[in-house]
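The values are calculated or read from the model by the stated rules, or taken from the named source; none is laboratory data. Just so it is clear, the model here is predicted, and its values are computed rather than measured. Don't worry about glycine lacking a Cβ; one is built from the backbone with ideal geometry, like all the others, and counts go over all protein chains shown.
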Amino acid sequence: MKTPGNPISPQGMAALRARYDHLLGEERPRIVDIVSWAAGNGDRSENGDYIYGRKRLREIDRELGHLSRRMKAARVIDPGAPTDPDRVFFGAKVTIADEDDVQRIVQLVGDDEADAGDGRIGWGSPLARALRGASVGDVRIVRLPAGDKEWEIVAIDYA
């Protein structure tokens with residue numbers, strides 16, 4: 001199953017959209033009001049509210065542009081109905097074990113919704129690339145800066 005572009009789950013796309021809407025509809029107008037008020041106070045060169053507000057507006061606009069580009073490039077994929085549930089594809093929760101039989105569960109998600117601390121790894125990460133298409137019992141080698149590491153696929157779940 002080839003997944004072109006930037007795959008993302010429906011929940012991940014909803015989170016991007018919510019962040020975009022919050023910045024555009026709530027935070028940016030609030031900062032614009034502050035900057036307008038501060039600009040009316042006179043000398044702008046030493047006006048902290050004006051200087052900080054302008055800086056924050058640039059940050060918000062930069063993030064809005066980034067979110068807009070990510071949403072345009074995103075391809076929403078519902079991982080609930082895989083074509084081959086015995087293989088690892090987007091959205092799979094995979095139980096893997098290393099050489100010392102230490103197991104961990106990872107879920108393959110879009111790069112924009114990855115959170116390694118929560119077990120969600122980005123589709124483009126080295127581990128996710130190594131796991132793609134694997135079946136239970138397969139051993140995959142992941143090339144890391146500290147050296148190669150082998151992982152065995154113990155279980156695959158799409159629930």
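Below is a table of values for the structure above.
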read-out: Test: residue in the stretch 99-121 that is touching a strand residue (DSSP E or B) at 6+ places or on another chain (Cβ under 6 Å), farther than 30 Å from ALA15 by Cα and assigned to a strand (DSSP E or B); value: no
read-out: Qualifying position, being assigned to a loop (DSSP other than H, G, I, E, B) and of a type in the set (Ser, Thr, Tyr), among THR95, THR83; value: THR83
read-out: Residues of the stretch 122-148 satisfying the condition of being in a loop (DSSP other than H, G, I, E, B) and free of Cβ contacts under 8 Å to residues at least 24 places away in the same chain; value: GLY124, SER125, GLY137, ASP138, PRO145, ALA146
read-out: Pair list, Cβ under 6 Å, 6 or more apart: the stretch 62-89 residue among the charged types (D, E, K, R), other residue part of a loop (DSSP other than H, G, I, E, B); value: ARG75/GLY5; ARG87/GLY133
read-out: Residue in the stretch 77-87 that is among the β-branched types (Val, Ile, Thr), at pLDDT below 90 and within 16 Å of ASN6 (Cα to Cα) present; value: yes
read-out: Residue in the stretch 24-83 that is farthest from GLN107 (Cα to Cα), counting only those that are buried (at least 16 other Cβ atoms within 10 Å of the Cβ) and of a type in the set (Gly, Ala, Ser); value: ALA38
read-out: Verdict on ASN6 being surrounded by 13 or more Cβ atoms within 10 Å (Cβ to Cβ) and either within 22 Å of the chain's Cα centre (by Cα) or within 30 Å of ALA128 (Cα to Cα) (or both); value: yes
read-out: Evaluation of LEU131 against (1) in contact with a strand residue (DSSP E or B) (Cβ under 8 Å, 6 or more places away or on another chain); (2) more than 15 Å from ASP86 (Cβ to Cβ) (one fails), failing number; value: (2)
read-out: Exclusive hit being assigned to a helix (DSSP H, G or I), at pLDDT below 90 and not assigned by TED's automatic domain parsing to the domain that holds ASP112, set ASP21, ASP43, ASP61, ASP49; value: ASP49
